[in-house]
1. What is the sum of charges, Lys and Arg at +1 and Asp and Glu at -1, for the other residues whose Cβ falls under 15 Å from the Cβ of P99?
2. Pull up the DSSP beta bridges for segment 93-179 and report the antiparallel fraction as a percent, rounded to 5.
3. Under 8 Å for C-alpha pairs, at least 6 residues apart: give me the relative contact order for the chain, rounded to a whole percent.
4. Any idea which of L161, A57, L44 is furthest toward the positive side of the dipole for segment 35-194, if Lys and Arg beta-carbons carry +1 and Asp and Glu beta-carbons -1?
5. Each residue of segment 234-251 in turn: what ³J(HN,Hα) in whole Hz from Karplus with 6.51, -1.76, 1.60 and θ = phi - 60°, glycine and Pro shown as x?
6. How much mean residue ellipticity at 222 nm does the chain get from its helices, if each DSSP H run of length 4 or more adds -39500 (n - 2.57) and you divide by all residues, to the nearest 500 deg cm²/dmol?
7. What residues qualify as long-range amide H neighbours of H108, i.e. H under 5 Å apart, gap of 5 or more or another chain, H built at 1.01 Å from N?
8. Karplus couplings for segment 143-159 from phi (6.51 cos²θ - 1.76 cosθ + 1.60, θ = phi - 60°), rounded to Hz, Gly and Pro as x?
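Please treat every number below as a calculation from the coordinates, not as lab data. Since this is a predicted model, take the numbers as computed values, not measurements. Heads up, the Cβs are rebuilt from the backbone with ideal geometry, glycines too, and the neighbour counts pull from every protein chain shown.
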Amino acid sequence: MTALGRRAFMAATAASIAAPTAGAKECPAAGMDWITMSLEDRNLAYNNVEHVGPENARKKTEGWAAASKTLREQRPKYLDLAYGNGERNKWDLYPANDPKAPCFVHIHGGYWQRGSKEIFACLSEGPLARGWSAALCGYTLAPEATLTQITNELKSAFDWLNTKAGEHGIQGPIIITGWSAGGHLTSFILDHPKVAAGLAISGVFDLGALRDSPHVNDKVKLSEEEIQKLSPMRRPIVNKPLGIAYGTGELPAMIASSRDYHAYRSQGHVPGDLIPIANTNHFTILDELRQPNSTLTRAVIAMAEYQTA
C-alpha cells in the first residue's frame, strides 16, 4: 500500500472505534435520549446546514459549483450520458490516459432532495491528479422520487457503467465514494458486481431517526418498509472494503452514525477503516477530495489497493 497504509489508518483510529453493537439503534449518540427529546431537538440532531450556518453552507456549495463548472468545461467530451429515461439519469465520465487506471465514482449528497453531479464534479480533482479516471452520476430527487426509486436508479446507473464504461476509456476497478445522503447510497450500492470498494463520507446509516427530522422527511417521506430495507445498519454486511469517514466537528448524531456503522461492519470481520478527519465539519471535509495527497484522497487510493491485495 501507499504511505497511508492500512496499518497507519488502524493505528490512528483504533482509539476512536466504537464497540460493536448488537444491531441497529435509533438513539444517535451517548447522552442523547431519543425517546424523550423534543421534535425540534430531533430535527436539529441531523440538520447539518443549521449546524455550520446557512451562509457558510451556501458559500461552500457555491464554491464547489464554480470549481465544478470549470472542470466540466475543461473535460466536455463525455458529459450527460443517459443511463435511464429520467432527466437526472445521466453520467459524467472523465477517463484517464490509462484505460486500466482505477475509477473514482462519486455519489452526491443533499439528503436525497438537493444537489447534483454538476455541483460536485470538482471533488474528483484529487483522484484525477493521481492519474485515475472519474465519474459522477445523477439521480431523481425527492419528493419526485421515493428513496426506493432512487436506489433502483442507482442500480440501473451501475448496470450501465458495467456495460458502457469500457467504451468510454474506463476499464479499471470502480471505487465509489459518496457524501451525506451519498454516503448512504455508497453503502447501499457496494454489493453491485461492478463495485470493487468504497468510501462513505459523513453518511446516515440507519434511516429510522430521520422520520423525526422534518427538514429531511417532509420531502423524502420514508416508509417503514424503506427504513427496514434501505438502512445499511439493517442490511446484510457486504464483504468488500468500505472506509467510513467523518469530520470531528460534525454533529454528534452524524459522528455516531459513522462510528456505529463501522462497528456493525466490524462484527462481520470485513475490511475497511474508520477515518475521522480532524478539524472538519460536514461541509469542509469534502475539501479533502480536491487535494491529491490529502487523507481522504489517499484513503480512496488505499481502497483500490485493498481490493487487489
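1. Details: positive: K77, K100, K164; negative: D98, E167.
Here the charged neighbours net out to +1.
2. 15 percent
3. Working: 616 pairs, mean separation 73.9, N = 309.
Over the chain, the number comes to 24 percent.
4. L161
5. Listing the rounded values in order: 10, 9, x, 6, 8, 8, 9, x, 9, x, 10, 10, 8, x, 5, x, 7, 4 Hz.
6. Values: 12 runs with 120 residues, N = 309.
Roughly -11500 deg cm²/dmol at 222 nm, from the helical runs in the chain.
7. Excluding prolines and chain starts, which carry no amide H, the hits are C137.
8. x, 4, 10, 7, 5, 4, 5, 4, 5, 5, 5, 4, 4, 5, 4, 6, 4
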